[in-house]
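The values are calculated or read from the model by the stated rules, or taken from the named source; none is laboratory data. Keep in mind it's a predicted model, so treat the numbers as computed, not measured. With ideal geometry, Cβ positions are generated from the backbone for all residues, glycine too; neighbour counts draw on all protein chains shown.
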Amino acid sequence: MKKGVRLRLVISVLIFGVCQPTVAGTMSPKVDGGSSNADLRPSASSTDSNSPLSVVKQSYAAFGRGDIPVIVNLVADQVDWEDVCPASLPYSGLRRNPAEVAKFFSESAQVDEIKTFEPQEFVVAGENVTVLGYLEGYARDTKQEFRTEFIHLFTVQKGKITRWRGFINTAARYGR
């Protein structure tokens, strides 16, 4: 087993408590000026538009287009949404409803300009979807270009995102 595959399996076991996650597919959308050139159509295994994988892919397609209202519409009325990052970043903190999630995206855009956003691998375990990816951006406050991998954890119930956690290497924003 390759080292990267083993690491992904371990992450999935720790996060979801499962032994055999399903790798649902990969994609490499490029966000460039709000447009996405990736095929974000649900795979054959996720043709139900309310399936967790389909909802997650819909949210990423909307992000690639810069269509934040579509993402907010995919968020449940009561949500547990948090980007795990230093409190000094304006988008830190727990969000509990769609209006607060919309504010999260607004605050993120004030601080970081995302130039490349590539969700690369989706791991599905029931209502949970883990997404491994890569992004490049520009931190307006530090005037640093940065590159980092990310992990996004979603829980989707009845076609709505009920939980989201984002993890990136925030030190990359400071040139580290």
Any idea which residue in the range 122-176 is nearest to Asp83 (Cα to Cα), counting only those that are small (Gly, Ala, Ser) and touching a residue at least 60 places away in the same chain (Cβ under 8 Å)? Gly166
Of Leu53, Leu94, Leu14, the only residue that is more than 15 Å from the chain's Cα centre (by Cα), of a type in the set (A, V, I, L, M) and modelled with pLDDT of 85 or more is Leu94
Collect the residues in the range 122-154 that are more than 21 Å from Gly66 (Cα to Cα) and either among the charged types (D, E, K, R) or touching a Pro at 6+ places or on another chain (Cβ under 6 Å) (or both), keeping them in residue-number order. Val123, Ala125, Glu127, Val129, Asp141, Lys143
Looking for something acidic (Asp, Glu) and within 20 Å of Ser92 (Cα to Cα) - is there at least one such residue anywhere in the range 123-137? yes
Of Arg41, Arg6, which residue is of a type in the set (Lys, Arg) and at pLDDT below 50? Arg6
Among (1) under 22 Å from Pro52 (Cα atoms); (2) surrounded by 14 or more Cβ atoms within 10 Å (Cβ to Cβ); (3) of a type in the set (A, V, I, L, M, F, W, C), there is one condition Val84 misses while meeting the rest; what is its number? (2)
So which residues in the range 73-95 are without any contact (Cβ under 8 Å) to a residue 24 or more places away in the chain and assigned to a loop (DSSP other than H, G, I, E, B), if there are any at all? Ala87, Ser88, Pro90, Tyr91, Ser92, Gly93
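More than 23 Å from Arg96 (Cα to Cα) and over 17 Å from the mean Cα position of the chain (by Cα), is that true of Gly175?
For Gly175, the condition - more than 23 Å from Arg96 (Cα to Cα) and over 17 Å from the mean Cα position of the chain (by Cα) - is met.
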Condition first: more than 18 Å from Tyr60 (Cβ to Cβ) and touching a Leu at 6+ places or on another chain (Cβ under 9 Å). Can you find one or more residues in the range 110-117 that meet it? yes
Verdict on Thr116 being within 19 Å of Ala171 (Cβ to Cβ) and more than 15 Å from the chain's Cα centre (by Cα): no
